[in-house]
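Peer 1: Here you go, one structure.
The values are calculated or read from the model by the stated rules, or taken from the named source; none is laboratory data. These figures come from a predicted structure and were not determined experimentally. Cβ sites come from the backbone with ideal geometry, for glycine too, and all protein chains shown count toward neighbours.
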Amino acid sequence: MRIIAALLTICLLVLEIPARAQTPKWNLSATVAESCSCIISCPCNFGGSPNRMPCEGNRMISIDSGRYGDVDLAGVQFLVTFNMGTWSKIYVSDKVSPAQEKAVEALLPLAFAGFHKGMLSFSKVPITMEVTDARVRFTAPESSVDMEVVRGYNGQAIRIMNLPGVAMQNYTQFKSVSHQHSSAQHSWKHSGTNGFVSTMTVASK
């Protein structure tokens, strides 16, 4: 019995080692821009729950630098349209290479697990993104966001540091001018709701 148990253990280890080897080292630093249907400021970004349900959102991820194995991720952009906790649709820029597209798909369960769960589609489409200190706009064929910065004391942009989420660092508060999605299965249109721009830096262990 001991011999059989030892053989089974060895077999499991042999199977496990190639599985681990299949995932290369990766890292990325990105600019994140999002608007959702929550009232400002969205409690989710502070570790809470949405203040308006369902929580419908569009998040743009623009990778400034990074690699997935030998694949350079700099310049890769993708948009996530989501109903929090229910479904998501991933739109990758049509400017990415086939290798970059595969890298994004592989990274979804590793770096963006919340959006990978419940994913309805993964498609390559035209994407635009414009960012200034005062205004952010991004679009895909079915989703678009236009949002403006929220100013506080002395007319300065409201910034919040050290929020709990890795994708919420260097958070600047925005408010949606227009935040919408329209497809055969789902549609919404919001204005005056929560928005933000932040940074994200994450890597494999």
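Peer 1: Hey, among 131, 96, which residue is of a type in the set (A, V, I, L, M, F, W, C), more than 16 Å from the chain's Cα centre (by Cα) and surrounded by fewer than 16 Cβ atoms within 10 Å (Cβ to Cβ)? Don't jump to the end; show me each part of the working.
Peer 2: Details: 96 fails: surrounded by fewer than 16 Cβ atoms within 10 Å (Cβ to Cβ).
Selected residue: 131, the only one of 131, 96 that is of a type in the set (A, V, I, L, M, F, W, C), more than 16 Å from the chain's Cα centre (by Cα) and surrounded by fewer than 16 Cβ atoms within 10 Å (Cβ to Cβ).
Peer 1: Does residue 41 meet the test of being modelled with pLDDT under 95, closer than 21 Å to residue 131 by Cα, outside any strand (DSSP E or B) and more than 14 Å from the chain's Cα centre (by Cα)?
Peer 2: Yes: the conditions hold for residue 41.
Peer 1: For the stretch 191-205, what are the residues that are within 20 Å of residue 76 (Cα to Cα), of a type in the set (Gly, Ala, Ser) and surrounded by fewer than 21 Cβ atoms within 10 Å (Cβ to Cβ)?
Peer 2: 203, 204, listed by residue number.
Peer 1: Give me the pairs, please: first residue somewhere in the stretch 105-124 and modelled with pLDDT under 90, second residue anywhere and buried (at least 17 other Cβ atoms within 10 Å of the Cβ) and of a type in the set (Val, Ile, Thr), beta-carbon distance under 6 Å, and either six or more positions apart or on two chains.
Peer 2: 115/80
Peer 1: Counting only residues that are closer than 13 Å to residue 168 by Cβ and of a type in the set (A, V, I, L, M, F, W, C), which one in the stretch 37-49 is surrounded by the fewest Cβ atoms within 10 Å (Cβ to Cβ)?
Peer 2: Within the stretch 37-49, the first condition is being closer than 13 Å to residue 168 by Cβ, and the residues that meet it are 41-48.
When the remaining residues are screened for being of a type in the set (A, V, I, L, M, F, W, C), the result is 42, 44, 46.
On the way: 42: 24, 44: 19, 46: 13.
My answer is 46.
Peer 1: Next question. Take the residues in the stretch 164-179 that are among the polar types (S, T, N, Q) and within 15 Å of residue 136 (Cβ to Cβ); name whichever of them is farthest from the chain's Cα centre (by Cα).
Peer 2: Kept after step one, since they are among the polar types (S, T, N, Q), are these residues of the stretch 164-179: 169-170, 172-173, 176, 178.
From what's left, within 15 Å of residue 136 (Cβ to Cβ): 170, 172-173, 176, 178.
Values: 170: 16, 172: 16, 173: 17, 176: 18, 178: 19 Å.
Only one residue fits best here, namely 178.
Peer 1: If I ask for residues that are more than 26 Å from residue 177 (Cα to Cα) and hydroxyl-bearing (Ser, Thr, Tyr), which ones from the stretch 55-102 would you list?
Peer 2: If the condition is that a residue be more than 26 Å from residue 177 (Cα to Cα) and hydroxyl-bearing (Ser, Thr, Tyr), then 65, 68, 97 are the ones that fit.
Peer 1: Ok, one more. Given the structure, is residue 194 at positive phi, at pLDDT 95 or above and not aliphatic (A, V, I, L, M)? Before the answer, list the steps.
Peer 2: On the way: at positive phi: no; at pLDDT 95 or above: yes; not aliphatic (A, V, I, L, M): yes.
Taking the combined requirement at face value, the residue does not satisfy it.
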